[in-house]
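Asks: Pasting in a structure now, in structure tokens, and then I'll have a few things to ask.
Quick note: the coordinates plus some simple rules give every number you see, no bench work behind them. As the structure is a prediction and not an experimental result, all values here were calculated from the model. Glycine also receives a Cβ, built like all others from the backbone with ideal geometry; neighbour counts cover every protein chain displayed.
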Amino acid sequence: MRQKVQSSVEECAREILDDVPLAMRTIRTQLRKNGAIEISIPQFRTLVFINRRSGASLSDAAEHMGLTLPSMSAMIDGLVSRNLVMRRTDSQDRRRMTLTQLNVAVRHCKGLGNQPSPTLAKSSKARLLLIVLLS
């Protein structure tokens, strides 16, 4: 039984690793196609996170992205300087910064993860992976 589970886990990992490049290529293509703004995949994922969790802290975003606080802070600084994100001091805790996506970012990123892609249509696993990557 244990060997069967191990084999299933390895097969699942192999399938994910096979489909990640396809999903990432699709995200990049969609960003370029719609892109009035030039942003990286990590920046896009951060914008999606902030859009879904408006008022999230820098720590929340860093944890979601798997980045250190200094790395996430640098990324947010770039998004703030491009007027895509607003960073505010929390009114109840001055040590906490809250993040809000600005309207220009919402317009450019809205629906990118939901648009049909002929490449992804061929692979339901890749479509599922795309949803996971963007959440």
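Asks: Given H placed 1.01 Å from N in the peptide plane, which residues other than close sequence neighbours of V85 have an amide H under 5 Å from its amide H?
Replies: Here V80, L102 satisfy the definition.
Asks: Could the peptides 77-84, 96-103 be put in order, highest first, of the mean number of other beta-carbon atoms found within 10 Å of their residues?
Replies: 96-103, 77-84
Asks: Taking the Cα centre of the stretch 7-96 as origin and charging only Cβ (+1 Lys, Arg; -1 Asp, Glu), how large is the dipole, in debye to the nearest 20?
Replies: Roughly 580 debye for the stretch 7-96.
Asks: Figure the gain on full extension for D77 and S59 (residue separation times 0.36 nm, minus the Cα-Cα span) and round it to one decimal in nm.
Replies: 5.1 nm
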